[in-house]
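What follows is one structure encoded as structure tokens, with my remarks underneath.
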Amino acid sequence: MYRALISLIFAAAHTAAVSAATVTYDWEVTWVWAAPDGVGRPVIGINNTWPCPVIEASVGDVVVVNLLNKLGNETTGLHFHGINQINSNYMDGSVGSSQCPLPPEYSISYSFTANQAGTYWYHSHNMGQYPDGFRGPLIIHNPQDPYLSDYDADIIVTISDWYHDQSPKLVAQMLQPNNTKFQPPRPNSVLVNEGSDGLIHIEPGKTYRFRFINFAAMTAAFVGFNALQMQIIMIDGTYVQKNIANQLHILAAQRYDVLIAIGSNGKQNYPYLVALDTNADYTAKNAQPPIAFHNNFTGQLVNDFDGNLEGKSAIEQFYPQVDNLLLPFDNQTAFGPVAKQWILNFDFCKDANGYPRACFNGKTFIDQKVPTLYSVVSLGDNNTETSAYGQVNAITIGYGDVLEIIINNHDSAIHPFHLHGHQFQIIERPKSNTGNWTRTKLVPDTPVRRDTVAVFANSYAVLRIKANNPGVFLFHCHIEWHVEMGLSATLIEAPERLVNYEIPQEFFDICKAQDIPTTGNAAGNDDWYNTEGFVTIDPTSYIGALYVDTETSSPTSTSSTSPSKATPSSPNKKQGKRIADSWLE
Ligand SMILES: *[C@@H]1O[C@H](CO)[C@@H](O)[C@H](O)[C@H]1NC(C)=O
Ligand SMILES: *[C@@H]1O[C@H](CO)[C@@H](O)[C@H](O)[C@H]1NC(C)=O
Ligand SMILES: *[C@@H]1O[C@H](CO)[C@@H](O)[C@H](O)[C@H]1NC(C)=O
Ligand SMILES: *[C@@H]1O[C@H](CO)[C@@H](O)[C@H](O)[C@H]1NC(C)=O
Ligand SMILES: *[C@@H]1O[C@H](CO)[C@@H](O)[C@H](O)[C@H]1NC(C)=O
Ligand SMILES: *[C@@H]1O[C@H](CO)[C@@H](O)[C@H](O)[C@H]1NC(C)=O
Ligand SMILES: *[C@@H]1O[C@H](CO)[C@@H](O)[C@H](O)[C@H]1NC(C)=O
């Protein structure tokens, strides 16, 4: 099965352009027993199967995912990473921000337009849930791909760190006052294509488009092929002018699309290395060894299955990341003039109970009762008052304005920062130990864009977006453990265009089923300035996405995202249409 999964070649990109279609997936989210690295554990899968299937569409298609929660004991939700959700912000799947958690026995229908080609992924965005397995590739093909004639076939390669314990337990252990060094959980192993043998069938004389996706909860990955060169053609859904690379450093949540040409002379196998690192500062001169690699994986591009499958690959020299020196294919110029700056200083911090948290400008992100988008929609003209949203580190920007985001990383490790709703321009991203941003020095003519940027240790990044996508979008570190520590902020884009924005009724129904208010400020108060009921400090016991039904048990947490009551007697399960061809067939 895993062999099929990785050697499957996508032909869709090479078929003639067809008119826009609706691609529908009917999914039941279920617990599945799996042993991707040899150690069995429960994982979250689809229809009693894991790995989760690939979502595949073409530019212009409407993607529909009918999601029914059959987990029984956990809530869930689905985020489509890198999909900007233009005119469909309520489909972003960010639990607590753009929707309520989806309780057991309920279903919702996600629907969005595949407006931009590229390599994306989907994952639960609910209480640290995706490291438990609920993630998969999302590929949007482009009949007008500028590089279409340069390759013969596509190959998806997903990379992930992997943990033998489930996420709620790992996070509960992390969020203890004695974790004074803010240590995240350490992975047990590395998965390539969710536990495949890493043997990828290739044919001599052909050129392949590899779509690398890092699913990790924490680690970055170096990827290298001993003898083969890569040509980068896309990063995070942005086509770039071709650039040669001998190795990639892919941070959690990032994607690289590269072309690899296989020599035409006879039978040969090519080893490749995936080496996970814990986002250490590999550029530091005196770091010995430069990076702590505990989880390496060697795979093979195979033309000769009877030949050598034991070849090794190593990376002798580590080159710093140069993604911000790539040039966008479309030559889009730097956004300007800047109307507003958003300066985010990241530090680890402690809350009033002495629990380890992560802070922007001294404030950790705390889940509130009402999803921020629902407050924005209901507060009328007062929706520009950021204090109405509670401690979600909110900022607003008016429609059409250019926002410059400055992130000062005060930690001695690299952090991958991700913005929902946009591929931001990387204006500056200097090397480690540059210190704090003071002013934006050099604005490139045509900055590259991506949706997740590596911000180096004790250094900063300057990013720009044009606020042309009304909605509520999270900005956060994509180390999932740091999200659970509170390393998130909220961009409220064009709130003036979100007054009375229409959200499908079934999204309100799932809130109602859990007694979660859907209007008013963060606590559901009609007066935006009434802070009564705001959650001002995180609960001391962490339960993750655990579903607590107060009719049979008492809640163990005051967390506002813990559902308090459910009425599973009236599930709103959808009638299913035939699901599109599965990744695993
Ligand atoms: C913190 O205390 C718990 C017991 O409450 C223990 O299991 C854990 O190992 C301790 N962690 C550290 C970092 O000392
Ligand atoms: C993993 O690979 C890297 C790069 O080749 C190497 O430096 C490191 O020693 C390897 N680690 C292990 C545990 O094999
Ligand atoms: C972008 O600029 C390059 C020169 O740097 C040029 O060769 C290319 O045709 C331009 N591409 C587009 C899409 O305008
Ligand atoms: C905005 O808040 C003020 C009180 O500060 C209130 O008088 C006004 O009615 C509110 N506007 C809307 C549209 O709710
Ligand atoms: C960066 O700014 C912070 C305050 O936000 C300060 O504590 C720190 O010392 C500064 N770092 C450097 C290298 O100047
Ligand atoms: C929910 O049930 C699954 C399957 O029995 C179990 O592995 C998992 O730990 C449970 N989740 C929580 C949060 O207790
Ligand atoms: C998943 O299960 C649903 C409900 O039984 C079914 O309609 C759908 O076709 C299944 N999808 C896959 C990928 O098996």
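The values are calculated or read from the model by the stated rules, or taken from the named source; none is laboratory data. What you see is a predicted model, and the numbers here were worked out from it, not measured in a lab. All Cβ positions, glycine included, derive from the backbone under ideal geometry; neighbour counts span all protein chains shown.
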- Complete set of residues in region 97-124 that are farther than 30 Å from A523 by Cα and either in the same structural domain as Q368 (by TED's automatic domain parsing) or among the polar types (S, T, N, Q) (or both): T113, N115, Q116, T119
- Message: For the structure I just gave you, tell me whether T438 is without any contact (Cβ under 8 Å) to a residue 24 or more places away in the chain and surrounded by fewer than 16 Cβ atoms within 10 Å (Cβ to Cβ).
- Response: yes
- Message: Six or more apart or on different chains, Cβ atoms under 6 Å: show the pairs whose first residue is in region 441-464 and free of Cβ contacts under 8 Å to residues at least 12 places away in the same chain and whose second is in a loop (DSSP other than H, G, I, E, B) and more than 16 Å from ligand 5 (Cβ to nearest atom).
- Response: none
- Might you let me know whether region 317-330 holds any residue that is more than 16 Å from ligand 5 (Cβ to nearest atom), farther than 29 Å from N279 by Cβ and in contact (Cβ under 8 Å) with a residue 12 or more places away in the chain? yes
- Task: Sort through T207, T158 and tell me the only one that's of a type in the set (S, T, Y) and touching a Pro at 6+ places or on another chain (Cβ under 7 Å).
- Result: T158
- Message: Exactly one condition in (1) more than 17 Å from the chain's Cα centre (by Cα); (2) under 21 Å from F210 (Cβ atoms); (3) assigned to a loop (DSSP other than H, G, I, E, B); (4) of a type in the set (A, V, I, L, M, F, W, C) is false for C52; which is it?
- Response: (1)
- Task: Would you be able to say whether some residue in region 334-345 is away from ligand 1 (no atom under 16 Å from the Cβ), in contact with a Cys (Cβ under 9 Å, 6 or more places away or on another chain) and either assigned to a loop (DSSP other than H, G, I, E, B) or touching a residue at least 60 places away in the same chain (Cβ under 8 Å) (or both)?
- Result: yes
- Task: Have a look at S109, S149 and point out the one that is farther than 30 Å from A35 by Cβ and in a helix (DSSP H, G or I).
- Result: S149
- Test: residue in region 511-521 that is crowded, with 16+ Cβ neighbours inside 10 Å, more than 30 Å from F346 (Cα to Cα) and modelled with pLDDT under 95: no
- Scanning region 400-456 for residues that are touching a Ser or Thr at 6+ places or on another chain (Cβ under 9 Å) and among the aliphatic types (A, V, I, L, M), which turns out farthest from P495 (Cα to Cα)? A413
- In region 182-203, what residues are in contact with a helix residue (DSSP H, G or I) (Cβ under 9 Å, 6 or more places away or on another chain), over 30 Å from K350 (Cβ atoms) and of a type outside the set (A, V, I, L, M)? N193, E194, G195, S196, D197, G198, H201
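For region 381-423, give me every one of the strands (runs of 3 or more DSSP E) that falls completely inside it and has 3 or more residues that are surrounded by 22 or more Cβ atoms within 10 Å (Cβ to Cβ) and away from ligand 3 (no atom under 16 Å from the Cβ).
402-409, 415-419
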- Query: If you go through region 186-208 one residue at a time, how many are at negative phi, surrounded by fewer than 20 Cβ atoms within 10 Å (Cβ to Cβ) and not in a strand (DSSP E or B)?
  - Reply: 6
- Query: Based on what the data block shows, is D257 surrounded by fewer than 24 Cβ atoms within 10 Å (Cβ to Cβ) and either more than 22 Å from P328 (Cα to Cα) or not assigned by TED's automatic domain parsing to the domain that holds F80 (or both)?
  - Reply: no
- Item | Candidates Y319, Y374, filtered to the one that is outside any strand (DSSP E or B) and surrounded by fewer than 18 Cβ atoms within 10 Å (Cβ to Cβ) | Y319
- Counted residues, region 429-475 - those being more than 17 Å from I250 (Cα to Cα), away from ligand 5 (no atom under 16 Å from the Cβ) and not in a loop (DSSP other than H, G, I, E, B): 9
- Message: Can you tell me how many residues within region 97-113 are in contact with a Gly (Cβ under 9 Å, 6 or more places away or on another chain) and touching a residue at least 60 places away in the same chain (Cβ under 8 Å)?
- Response: 8
